[in-house]
1. Please state the relative contact order of the chain as a whole percent: Cα pairs under 8 Å, 6+ residues apart?
2. Please state the equivalent ellipsoid semi-axes for the range 511-601: what are the square roots of 5 times the Cα gyration tensor eigenvalues, largest first, in whole Å?
3. Report the label-to-label distance for Lys314 and Lys707 in nanometres (one decimal), using points 7 Å from each Cα along the Cα→Cβ vector.
4. Any chance you could check the Cα centroid distance between the range 509-526 and the range 166-231 for me, in angstrom?
5. Can you tell me the FRET efficiency between Lys103 and Ser396 if r is taken as the Cβ-Cβ distance and R0 is 22 Å, rounded to the nearest 0.05?
6. Could you tell me, in Å, what Rg and Dmax come out for the Cα atoms of the chain?
7. Excluding residues on the same chain fewer than 8 positions from Lys276, give the lysines whose Cα lies under 23 Å from its Cα.
8. Please arrange Thr178, Thr125, Thr270, Thr192 by counting, for each residue, the other beta carbons lying within 10 Å of its beta carbon, fewest first.
Amino acid sequence: MQIALTDWYVRTPDTTIETMLNKTLKASVPGCVHTDLLAHNLIEDPYLDQNEHDVQWISSTDWNYSTTFEVTAKHLEMDRLELVCLGLDTIATLFINDQEIAKTYNMHRAYRFDVKPYVQLGQNTLTIHFAAPQTWSEAQRDKLGDLPNAYSVDNAPYNFIRKMACNYGWDWGPRLTTVGIWQPIYLEAWNTARIESVRPLINLNEDLSKAQVDINISLDKVVKADGVTLEVHLSSPTGETFYAGSALTFEVDNPELWFPVGYGEQPLYTLKLELKHGTHLLDEWETRLGFRKVVLDTSLDDIGSAFCFIINNKPVFIKGANWIPDDCFPTRVDKARYRNRIMQARDDKMNMLRIWGGGIYEQDDFYDLCDELGILVWQDFLFACAAYPEEEPYWSEVAAEARYQVTRLSPHPSLVLWNGNNENLWGYVSWDWQRQLEQQDDSSERTWGRGYYLDLLPNIVNELDSNRPYWPGSPYSGSLDLHPLADNYGCKHVWDAWNQTDYSVYRAYIPRFVSEFGHQAPPSFATLLESISERPLKPDSPAVLHHQKAINGNDKLHTRLAEHFPVPKDIHVWHYATQLNQARAMDYGVSHWRSYAPTCMGTLYWQLNDCWPVTSWAAVDGYGRKKPLWYASRRFYADKLMTVQPRGSHLALVIVNDSDEVWQDTITVQRYSFSGEVLYEQTYSIEVSARQNHQLILDDGFHAHKKDAELIRAWVGSADDISDAWWFFDVDKRLNYPVAEYQLDITPTEGGYKLELTAQTLLRDVVVYADKLEPNTEVSDQLITLLPQESFTFTVRAARVPTVDELRANQVILCANDVIHDNSLVAQNS
Ligand code: BMA
């Protein structure tokens with residue numbers, strides 16, 4: 001029997017906080033102090049302008065959440081009365097009727113406390129005191145001695161507290177260190193016994209025709225419960241009984257298999273457990289299950305060692321992105337928002353999301369949706385970019401957290417990997433950590449997290465979730481004797497492209513799997529306008545720079561851009577050029593790595609989403625709007641991809657068939673002048689087997705005579721359903737693009753308008769920024785390249801139909817030609 005806890009209030013015991021002087025606020029639970037203060041208009045939205053600065057006091061303040069509840073005689077008669085807290089953020093002391101009942105130190109665990117000794121018949125009060133997280137974690141750091149941390153310049157001691165690291169600030173995130181009750185909380189009264197946890201583990205045999213289901217159950221019993229029985233019921237996706245009985249281990253024949261998107265369906269079975277005492281139902285538990293087998297092949301081979309997910313005996317090329325918390329205040333992310341975001345990944349032809357270790361173990365809805373939609377999940381344990389102490393109480397906290405989360409998430413078929421950490425093995429080897437650790441303590445070796453990644457976590461996964469692979473870190477090469485970034489082993493991060501060089505360096509690497517690489521760009525224009533009030537907007541105005549968190553972020557944005565384009569000053573052209581450069585960078589990397597399958601078996605770019613409006617590596621911005629990269633991804637992650645790649649002294653057309661059908665087609669490859677004349681052409685009949693690549697070396701006729709004014713286009717299909725691949729012989733800044741000329745025709749439609757664009761000159765990578773006129777528009781496609789006389793029709797979802805003049809006056813349509821011919825250019829065309 002559950003007793004809901006409603007009507008929460010929040011206040012601070014600190015009498016020096018002016019904003020809260022003599023105030024007790026009605027609070028939202030689940031929620032956090034920031035969202036409560038926002039709801040009461042006591043702070044400005046920290047996502048806007050530079051308001052982030054004004055709310056830093058929140059994380060240096062202690063807070064009390066309190067509520068009252070009624071206890072009846074009936075509750076008191078029950079064997080147990082417990083307080084269930086599914087998530088407390090973070091350093092909490094709990095009081096019932098002013099008596100301390102418990103202390104907690106971990107945002108990532110759930111807790112259950114016996115409260116019978118503390119309650120009384122009638123009215124009771126529950127107060128949860130939260131210690132200021134910033135102050136608390138600094139004190140812990142001071143006590144133990146500092147440890148290397150990529151964000152310590154910003155005094156972010158997140159490695160000393162088990163709490164979502166990135167809300168101490170990250171290179172894409174503001175510092176909004178939350179406090180509050182972030183998951184459901186309630187009282188529960190029960191008799192005799194209850195189901196504490198369930199881990200259904202599925203083992204499929206070699207040919208996948210038979211599954212053994214092992215239901216590992218832990219019961220909480222108060223009496224020697226003779227006569228307590230469990231009934232198990234497994235039903236098929238269509239509702240038929242598949243198994244009914246009392247055995248906790250049973251076999252099922254010919255289960256319908258669960259596949260990732262692109263490989264088959266996602267049938268989900270329902271497992272129901274009923275705990276009974278005689279005929280009386282004590283407790284029940286229900287989950288969905290999917291029958292699928294996952295193996296992470298990391299075997300040694302001629303090149304090094306593989307990193308290949310094999311699902312239901314089929315090697316799967318992973319196409320996806322990294323996932324960060326979708327909001328700094330995670331309770332604002334409801335099921336609809338998760339669905340939107342995960343659909344954006346799926347519509348982008350992705351089959352995996354990696355939940356990165358500086359965030360959270362996401363809420364149940366995330367994994368439920370991934371199960372339904374066939375999106376594979378790679379889950380990091382929550383360690384990122386820092387050395388972590390292994391001393392008590394951390395070791396036990398991490399163990400308890402891992403046991404809880406592994407158990408909680410074990411039923412999900414979408415979850416295919418537990419990963420030890422993000423970049424900590426790399427940090428230890430290459431970021432000067434060893435020296436820093438040695439310097440701190442000569443007498444005994446300082447811990448840094450190795451014991452978690454190579455001992456504690458693999459043991460827990462092996463004990464509780466033995467059918468699911470574990471990998472110690474991203475990046476990691478399979479052994480600490482190898483550099484974690486070794487090209488030929490394991491999974492690799494490629495960050496030099498963004499941090500030091502240029503995206504062209506991607507072609508220098510053929511890793512076995514790339515779990516991070518990324519390129520920044522500003523958010524959509526509407527998001528810039530909504531989050532920054534300075535006018536006129538400028539690329540380097542203070543608030544724009546505030547919404548850029550990477551060290552030297554805008555400098556890197558411009559240095560990387562300058563490799564390809566002159567750097568524009570005009571905000572519109574700057575915004576387009578930087579967004580284009582981001583899309584090009586990811587296209588360049590992914591197309592190259594896909595062209596080297598099966599040596600490389602996956603790419604997860606950094607990052608799908610954002611947690612607030614910011615210039616970052618994301619494809620979808622903090623307000624959920626798609627950047628041009630999203631549209632590029634839909635093409636470079638398509639099942640069928642054609643890409644022109646250099647191979648020795650020649651170019652090759654690589655045809656990537658990541659589908660289950662043979663790809664049979666006639667491909668036309670043409671070399672054009674920029675003015676649209678065909679200079680050379682060949683047609684090829686191809687037949688590429690399922691899940692195979694095929695490489696056509698292009699003959700000498702495809703060498704350019706004028707590198708700055710010719711291009712190659714390979715295409716299949718018909719005029720209205722064309723799929724193509726483009727190749728330009730040099731970087732844009734050295735190309736002789738014509739001044740863009742085109743004609744526009746607008747036709748109103750039911751939900752907006754159709755925009756037909758007819759090119760009078762070559763137009764490269766046209767983007768339609770309809771959001772400049774109306775923020776919540778959606779454009780069907782972006783980054784369209786047209787030869788002279790070709791047309792393309794964009795479908796725009798919008799509330800009103802603009803005129804052609806409006807489109808032109810607001811710089812709604814931009815293409816690469818405009819960057820080269822922009823009047824605002826700083827002269828650096830080389
Ligand atoms: C990697 C990630 C993140 C970071 C990103 C961009 O290091 O793991 O920590 O946000 O690069 O710098």
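1. 9
2. On the way: eigenvalues 178, 35, 26 Å².
With the √(5λ) rule applied to the range 511-601, the semi-axes are 30, 13, 11 Å.
3. 4.3
4. Cα centres, the range 509-526 to the range 166-231: 34 Å.
5. Values: r = 14 Å, r/R0 = 0.62.
That gives a FRET efficiency of 0.95.
6. 28.5, 92
7. Filter leaves Lys74, Lys221, Lys224.
8. Sorted ascending by nearby Cβ count, the order is Thr125, Thr270, Thr192, Thr178.
Coordinate-derived values only; no laboratory data. Note that the coordinates shown come from a computational prediction; the quantities given were computed from them, not determined experimentally. Note that each Cβ is placed from the backbone with ideal geometry, even for glycine, and that neighbours are counted across all protein chains shown.
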